[in-house]
Amino acid sequence: MINKRLLIKNLLAHNDENSFYDKKLQLNIGSKEGKAKFLKHICALANSNPNNNSFIVIGVQDEDNQIVGTDFFDDSKLQNLINAYVENPPKITYENISFPHLPDKLVVGLVTIGANYGKICFLRKNIWKYYSGSIFLRDGSISMPKNFDIEIKDENSATVNALEKHAQNNIELTLNGVFDFLEEHQNLTSEYLVFKEFFVVCWAGKPKKNKDTIYYSRVDIALINEQVKLFYSDLDEVSISWNKNSFKIIEYVLLGLPNNYKYYPLEEVEIQFRDNGSYEINSELLFTPPEFNKEILFHIYNSNNLLLEKLKRLQPLTNTQTKEIKNLPSIYLLCYLNGFNEAIEKLEEARPFLKKYSEEAYQYYKESTRILRKVKYN
């Protein structure tokens, strides 16, 4: 089993960006331009590496290779984006890799693009300035458009195999990972679990009992063998369960209108461990958007717009408005889910002003966009 933290270190230490590896400071798929550039790099790396994995490391400064981290990104449906826009799509995984020097909420993102064995990837429809039928290939560290009669060469298999071999996990790394996790979360309920005598999962959270069910907030879950952070959130409520073969979480999100908030199930994620030393992560979206009276929503939507205008103009807020700031993103989300299509534009318009206003308000913005992304991809 590959220790993904070691793999990233090997990539950064021994290789500049090349035909099997790219690095980015952040991943932006919230805009058409960001999606298009991401798809371009996926196609180029897959076409340049027909018989081996290729990688994109996210959260690294380009100039000096400094690991600065990026936000935890838990979108298990990213493959759906690739499938929607790419003909002969490669299989990709996005993993959040923890590094000891980074704050809890920051990780390094690792996109692994699987071997496509000679199938040429190309765009199946237009996006941004790239046209349907566009083919890309890596030219050194750059993803370049190419003609359809490109020759697929296998030049990197030996190098990538060596990198992955040197990143193999061992018992010392696993034990150190368990001890580090438990020490880091000593103020929370924390536990380690062993599956199939091989896989080690650590989890931590702040418990809260509701009737006969225990829910957890401030949840952190990691697969120690690979140093992959499986789940992290400061805000959500999560139920956790397991048996000898699997580990399951159900995530709930708090949504609603003023004085009428409720927890709604968002997603179920189950990790199934097999006897042959492999595992599979399956997710199912459980979310059903709550419906509210359109007249009430219209009134609250307009109040949100007035509040946003005051933020943009740097006008002073009343005590009530100060309390309402953190709810502004979720209100726009609910309005959009209830048919106010322009609310999504308002949500994006609010992003820089919420970020400038307070870290808490910006966290609620990111939470709302995360829910929206999951709903869209499903």
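Side notes on the structure shown:
One line per residue, one yes/no per condition, for (1) part of a strand (DSSP E or B); (2) crowded, with 20+ Cβ neighbours inside 10 Å; (3) of a type in the set (Ser, Thr, Tyr):
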| position | (1), (2), (3) |
| --- | --- |
| Ala204 | yes, yes, no |
| Tyr232 | yes, yes, yes |
| Pro265 | yes, no, no |
| His299 | no, no, no |
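- Tallying residues that are in contact (Cβ under 8 Å) with a residue 60 or more places away in the chain, within 25 Å of the chain's Cα centre (by Cα), in a loop (DSSP other than H, G, I, E, B) and surrounded by 15 or more Cβ atoms within 10 Å (Cβ to Cβ) within the stretch 115-148 yields 3.
- Filtering the stretch 234-255 to residues that are in contact (Cβ under 8 Å) with a residue 24 or more places away in the chain and either of a type in the set (Gly, Ala, Ser) or in contact with a His (Cβ under 9 Å, 6 or more places away or on another chain) (or both) leaves Ser239, Ser246.
- Pick from the stretch 149-199, criterion part of a helix (DSSP H, G or I) and in contact with a helix residue (DSSP H, G or I) (Cβ under 8 Å, 6 or more places away or on another chain), ranking: farthest from Asn3 (Cα to Cα): Phe181
- For Thr112, the criteria (1) part of a strand (DSSP E or B); (2) exposed (fewer than 14 other Cβ atoms within 10 Å of the Cβ); (3) not aliphatic (A, V, I, L, M) hold in every case but one, which is (2).
- Of the helices (runs of 4 or more DSSP H) entirely within the stretch 1-107, those holding at least 3 residues that are under 16 Å from the mean Cα position of the chain (by Cα) and more than 28 Å from Asn169 (Cα to Cα) occupy 32-48, 78-85.
- Condition met for Leu337 (farther than 21 Å from Ser233 by Cα, touching a residue at least 12 places away in the same chain (Cβ under 8 Å) and either touching a helix residue (DSSP H, G or I) at 6+ places or on another chain (Cβ under 8 Å) or polar (S, T, N, Q) (or both)): yes
- Residue match in the stretch 243-256 (condition: more than 22 Å from the chain's Cα centre (by Cα) and under 20 Å from Thr369 (Cβ atoms)): yes
Readers should treat all values here as calculations from the given coordinates under stated rules, not as data from a laboratory. Keep in mind that this is a model prediction, so the values were computed, not measured. Using ideal geometry, Cβ is built from the backbone for each residue, glycine included, and neighbour counts are taken over all protein chains shown.
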